[in-house]
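The structure appears below as structure tokens.
We did not get these values from a lab; they are worked out from the coordinates using the rules stated. Everything numeric in this text was worked out from a predicted model, so none of it was measured. Here the Cβ is made from the backbone with ideal geometry for all residues, glycine too, and neighbour counts use every protein chain on show.
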Amino acid sequence: MKSLISQDALDQLFYQAHSFNQFTDQPVSDEQIVQLYELLKWGPTSMNTQPARYLFIQSTEAKERLLPAMLASNVEKTRHAPLTVIVASDSEFYEHLPTQFKAYDAAPMFRENKELAKATAFRNGSLQGAYLMIAARALGLDCGAMSGFDPEKVNATFFPEGRWKVNFIVNLGYGVDGGHHPRGERLAFDQVARVL
Ligand SMILES: Cc1cc2nc3c(=O)[nH]c(=O)nc-3n(C[C@H](O)[C@H](O)[C@H](O)COP(=O)(O)O)c2cc1C
């Protein structure tokens, strides 16, 4: 029997979770990186396609290669974040379907329809990026997502083979107290939802 998770857990995941621009120096360990994936991987994707790929930028050398692709306002926060994740999508994700989706051979459906493959990679890769952020918060980490960067530069620098393509980028670590913008409003239920 499942139960509602605690108010503390809801606060950590949602009510008190902010997008951070400043992080402490406390590193994110290799064990935490694996733990992060071991949690987020259980989030659902259509036909279990799991198109997202994750490039964890930890070293100063790799960070220096990323910074020229970032929008000016995202450079310093990315430089100082202990860990930055490039959330990418595998444009040929369907090659893993024989082991990941055993109901029938679904790979040809995507292999022969590039538009369907692209839409599926984007939809599910974005979902998995969101699972990554929620999983990070569940592990006590803070994050700050970014779409302000030059995707062509990121792809040319990190994915020159062309199969993986960046979707968005997330800084991870332990947020500095107040190292985020004031909470923005959220649209009210009536503005965004209809119940039929
Ligand atoms: C996919 C995505 C891309 C974002 N891109 C940027 C960005 O490039 N630069 C930035 O400062 N914030 C970026 N943000 C942060 C949002 O502005 C922030 O999440 C939003 O204003 C809500 O703030 P809150 O999470 O602190 O409540 C991005 C967030 C998401 C989810």
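Which net charge results for the neighbourhood of Glu112, defined as the other residues with beta-carbon distances under 15 angstrom from its beta-carbon, given Lys and Arg at +1 and Asp and Glu at -1?
Counting the neighbours of Glu112, the net charge comes to -1.
Lys and Arg at +1, Asp and Glu at -1: add these up for the other residues within a Cβ distance under 14 Å of Ala9 and post the number.
Every neighbour counted, the sum reads 0.
With each label point set 7 Å from Cα along the Cα-Cβ vector, what nm distance links Asn48 and Gln7?
Placing both labels 7 Å beyond Cα along the Cβ direction yields 4.0 nm.
Once a ≥ b ≥ c are taken as the square roots of the eigenvalues of the Cα gyration tensor of the range 121-196, is the result rounded (a/c under 1.5), prolate (a/b larger than b/c) or oblate (a/b not larger than b/c)?
Oblate, because a/c is 1.5 or more while a/b does not exceed b/c.
From Cα pairs below 8 angstrom and at least 6 apart in sequence, can you work out the relative contact order of the range 41-93, rounded to a whole percent?
Once normalised by length, the contact order is 53 percent.
Mean separation of Cα pairs under 8 Å and 6+ residues apart, divided by the residue count of the range 39-170: what relative contact order is that in percent?
After rounding, I find 37 percent.
On a C-alpha basis, how far is the centre of the range 32-59 from the centre of the range 97-148 in Å? Whole number, if you could?
9
Please give the net charge around Leu97, taking every other residue with its beta carbon less than 12 angstrom from that of Leu97, where Lys and Arg add +1 and Asp and Glu add -1.
After counting each charged neighbour, the total is -2.
Could you give the C-alpha radius of gyration of the chain expressed as a fraction of 2.2 N^0.38 Å, taking N as the number of residues it contains?
Expressed relative to 2.2 N^0.38 Å, the Cα Rg reads 1.10.
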